1. Under a cut-off of 16 Å between alpha-carbon atoms, report the lysines in cross-link reach of Lys290, not counting same-chain residues fewer than 8 places apart.
2. Beyond 29 Å between alpha-carbons counts as too far, so tell me which of Lys28/Lys55; Lys173/Lys213; Lys93/Lys185; Lys26/Lys326 fall in that bin.
3. Which order do Ile85, Ile271, Ile111, Ile314 fall in if you start with the one that has the fewest other Cβ atoms within 10 Å?
4. Put +1 on the Cβ of each Lys and Arg and -1 on the Cβ of each Asp and Glu in the chain; which of Ile240, Asn311, Ile79 then has its Cα farthest toward the positive end of the dipole?
5. Any chance you could give the angle, 0 to 90 degrees and rounded to 10, that helix 245-257 forms with the longest Cα principal axis of the chain?
6. Identify which of Ala145, Ala88, Ala278 has the largest mean-square fluctuation in a Gaussian network model of the chain, with springs joining Cα atoms closer than 10 Å.
7. Over 22 Å between C-alpha atoms is what I'm after, so list which of Lys70/Lys94; Lys46/Lys119; Lys150/Lys250 land there.
8. At what distance in angstrom do the alpha carbon centres of the stretch 326-345 and the stretch 185-249 lie from each other?
Amino acid sequence: MKKSILIIDDEKSIRNTLRDILKYEKYKTEEAENGIEGLKLVNSKKFDVILCDIKMPEMDGIEVLENIIKITDTPVIMISGHGDIETAVESIKKGAYDFIQKPLDLNRLLITIRNAIDKSTLIEETENLKKKFNKTYDMIGNSEAIMQIKHMIDKVAPTDARVLITGANGTGKEIVARWLHEKSKRANGPFVEVNCAAIPSELIESVLFGHEKGSFTSAIKQRKGNFEQANNGTLFLDEIGDMSLSAQSKVLRALEENKIMRVGGEKEIEINVRVIAATNKNIEQEIIKKNFREDLYHRLSVILINVPSLNDRIEDIPLIANYFIKEICKSQGKAEMTFTDDALSELQKIQWTGNVRELRNVVERLSILCDTEITKDDVIKYAHPLKI
């Protein structure tokens, strides 16, 4: 896609020259003969770079610049035939990307434009990555059960108490863990999540505690484990009920002593980590079966939070479904979609074995297959897996 450049200059000959040069360089351009017209364009369209003259009637370039940076973070390159050091410094202080004096050195101008576009692209990519990895995790619902959990989080989060979160798959245990972290004194520290069920038992100790180079065949370099990565932050041990007994004993020791030792290592490493764990299993039954250490259970369960199934809080389903449809439409760039009241009532009749995770999948399916208004018939037709 062609990059778009706005030229704001009261001299038509300058605008024409810049337009022809930039067109030759495969840029798309728009022009404004004064600051007021330029600001109207900035308000209505997105540009990759803005070129702005300083000496213009009605509104000078510095004032235009001050207004532009209130509207957008698009790089602004100031140009002027009356340039001096003071003007250049003032424009940079006001937020300009760069200052170029007339008569324009075209090579310098093109290089500056390319650098400004590169910076703008990098900022945009960084923001997208931040949105992706620092996604806001919302706990949607006004049911009594959810309100109790929110109240519990508010009380427990500021402490360093260990928390064990229980509940079926898809109920939102990770969201509870993230809220506990975000509302804690460790919020600026790392949040490291480990899915204990997804790591082979022979690798779990290396993943959690790290390893030294040469400690086993494939250990070609030293590696920090999750406990070290989470230092001064929170370590979330998801599905801890699936952890091997050998790893459990080492986790217990780490919790008791606040020290770990890498696989193949000889020195202990001090850690400052808050551990939050979660499981979909009945840990008390697992203790009876000798699959889980009772002493580790007591270490982890200073605070117990049970996340209810979606079927136990059906009054929250309309709120959750509406939240998901807005989120999905926004992320996919689609026109806003809505549920009819009877469609929401129909969703409340379903037995949600996969809980909130299953509901989100169904809402996404409906967003793809339905018109802008999702009806009861749509829910009946598409809420269950399609049969071919």
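Since every read-out is calculated from the coordinates, none of them should be taken as a lab result. Just so we're clear, the structure is a prediction, and the values are computed from it rather than from any experiment. FYI the Cβ positions are ideal-geometry reconstructions off the backbone, even for glycines, and counts take in every protein chain you see.
1. Output for Lys290: Lys281.
2. Result: Lys173/Lys213; Lys93/Lys185; Lys26/Lys326 exceed 29 Å.
3. Least crowded to most crowded, the residues run Ile85, Ile111, Ile314, Ile271.
4. Positive-most Cα among the choices belongs to Ile240.
5. 70 degrees
6. Ala88
7. Beyond 22 Å: Lys150/Lys250.
8. If you average the Cα positions of each part, the centres end up 39 Å apart.
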